[in-house]
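*Asks:* Quick one: structure below, then a few questions.
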Amino acid sequence: MEASKETLVDLYKTTLRVRLFEEKVWDLFSQNLIPGTVHLYLGQEAVAAGVCCALREDDWVQSTHRGHGHVIAKGADTKAAMAELLGKVTGSCKGKGGSMHITEFSAGVLGATGVVASGLPIAVGAALSAQMRGTKEVVACFFGDGASNNGTFGESLNMSSIWNLPVIWVVENNLYAMGTPIKMACPSKDIAIRADGYCIPSEVVDGNNAVEVYEAVAKAVSRARNGNGPTLIECKTYRHKGHSRFDPAKYRPKEEEAEWLGRDAVEIIQAIAINNGALTEETAAEIRSHLQKEMDDAAEYAKVSEYPSPETALDDVFTVVS
Ligand SMILES: Cc1ncc(C[n+]2csc(CCOP(=O)(O)OP(=O)(O)O)c2C)c(N)n1
């Protein structure tokens, strides 16, 4: 499914929107304005952009601990997302979720989670629900290379296959699970071949190229929507920063870093869009300055918003009474 000029502009805007959001997050985090920790999505923007641009508004995404990019790419309001990270009452979870539980249900985000690989079974449930309701909605489930070594990976892929569920399994292979290189944790060159064991078709793409991601996901979405079941797409990518907080990522070889940082997701989609006549240098710069203002406004909004009052601490907490 080839990307149209309109889609190329969309991919550029979404990739850049995520990049500028994350740069602003890093800036605010460095000023100690964000409590807890953050797992930045810087470097991996083309994955979220390529996936979310291939989805409909009423489709769903399941996120991870590295979730800001997924939420923003799916169309969440940047002000509410930024306020959430600062723990403010105007945040999308009223300031009670923060970075690792950021979500925006109204934009189709099922949730983010700090428990590695716990999103996969949730995606199975959401896809089963869509199938039973006959809505033709699909679910894209993001997870890392590390998560693919967790038991829920096998259980979820198996169920999605036998029940023919409308799921797109998106592995963001950024080569490391914290400080553990993928080579030490996975015997094969690609994670994608594991899908064969569950009779699920798979594809390996350049995760820094939003067009490649989009085209693979668009095919998978069409299969899922037409009742032909799940697909697994492995996106090879790289994070610009360490795993979280102040991890300087000293375990990564310098040559490897230089090679990946030289293949920047924003620069790649900008060059493709310009070469295809979808953008000019001028229109690309206009979009950038518009998006930069959006992020500056979002940060200001988050800073001046109030913290939730202590009396509301137990609001929205659910218990099952039997
Ligand atoms: C069940 C579980 N085990 C371990 C951890 C600690 N932990 C947090 S992130 C992480 C690495 C995850 O790697 P990956 O799935 O590749 O995602 P990435 O951080 O690279 O985006 C680990 C082991 C956890 N949060 N949950």
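The values are calculated or read from the model by the stated rules, or taken from the named source; none is laboratory data. Here the structure is a predicted model, which means the values were calculated and not measured. Cβ sites come from the backbone with ideal geometry, for glycine too, and all protein chains shown count toward neighbours. The accessibility values were calculated without ligands, DNA or RNA, using every heavy atom of the protein model including side chains. Shrake-Rupley method; radii C 1.70, N 1.55, O 1.52, S 1.80 Å.
*Asks:* Residues with beta-carbon under 12 Å from that of THR180, excluding THR180: net charge, scoring Lys, Arg +1 and Asp, Glu -1?
*Replies:* Combined, the nearby Lys, Arg, Asp and Glu give +1.
*Asks:* Once you have a ≥ b ≥ c as the square roots of the Cα gyration tensor eigenvalues for region 104-173, tell me rounded if a/c is under 1.5, and otherwise prolate or oblate according to whether a/b is larger than b/c.
*Replies:* Verdict is oblate for region 104-173.
*Asks:* Mind scanning LYS74/LYS303; LYS24/LYS303; LYS79/LYS236; LYS74/LYS254; LYS13/LYS254; LYS74/LYS136 and naming the pairs with a C-alpha gap bigger than 22 Å?
*Replies:* LYS74/LYS303; LYS79/LYS236; LYS74/LYS254; LYS13/LYS254
*Asks:* Determine the sum of side-chain charges near LEU165: Lys and Arg each +1, Asp and Glu each -1, restricted to other residues whose C-beta is under 15 angstrom from that of LEU165.
*Replies:* +1
*Asks:* Where does the chain land at 222 nm, in deg cm²/dmol rounded to the nearest 500, when only DSSP H runs of n ≥ 4 count, each adding -39500 (n - 2.57), divided by all residues?
*Replies:* Here the helix-only value at 222 nm equals -13500 deg cm²/dmol.
*Asks:* If the chain between GLU282 and TYR251 were fully stretched, how many nm would it gain, using 0.36 nm times the residue separation less the Cα-Cα distance?
*Replies:* Stretched fully, the GLU282-TYR251 segment lengthens by 7.2 nm.
*Asks:* Within 10 Å, count the other beta carbons around each residue, average over each peptide in 244-252, 74-82, 311-319, 13-21, and list them highest first.
*Replies:* 13-21, 74-82, 244-252, 311-319
*Asks:* Okay, next question. 7 Å from Cα along Cα→Cβ at both VAL89 and LEU261: what's the point-to-point distance in nm?
*Replies:* 4.2
*Asks:* Tally Lys/Arg at +1 and Asp/Glu at -1 over every other residue whose Cβ is under 15 Å from the Cβ of ALA83; what's the total?
*Replies:* Charge balance near ALA83 sits at -2.
*Asks:* Still on this structure, please answer the following. Round to the nearest 10 and report in Å² the accessible area of THR152, as given by a 1.4 Å probe over the protein chains' heavy atoms.
*Replies:* THR152 has an accessible surface of roughly 30 Å² with all protein chains in place.
*Asks:* May I pose another question? Set the Förster distance to 51 Å, then compute FRET efficiency between CYS199 and ASP297 from the Cβ-Cβ distance, nearest 0.05.
*Replies:* Using R0 = 51 Å, I get an efficiency of 0.60.
*Asks:* For region 124-154 and region 1-59, what is the centre-to-centre distance using only Cα atoms, to the nearest Å?
*Replies:* 21
*Asks:* How big is the accessible area of HIS243 in square angstrom, nearest 10, if you roll a 1.4 angstrom probe over the protein chains?
*Replies:* Rounded to the nearest 10, that gives 30 Å².
*Asks:* Within region 82-101, which residues have the backbone N less than 17 Å from the label spot 7 Å out from LEU33 along Cα→beta-carbon, could you tell me?
*Replies:* In region 82-101, the label zone of LEU33 (backbone N under 17 Å from the point 7 Å along Cα→Cβ) covers 82-92, 95, 98-99.
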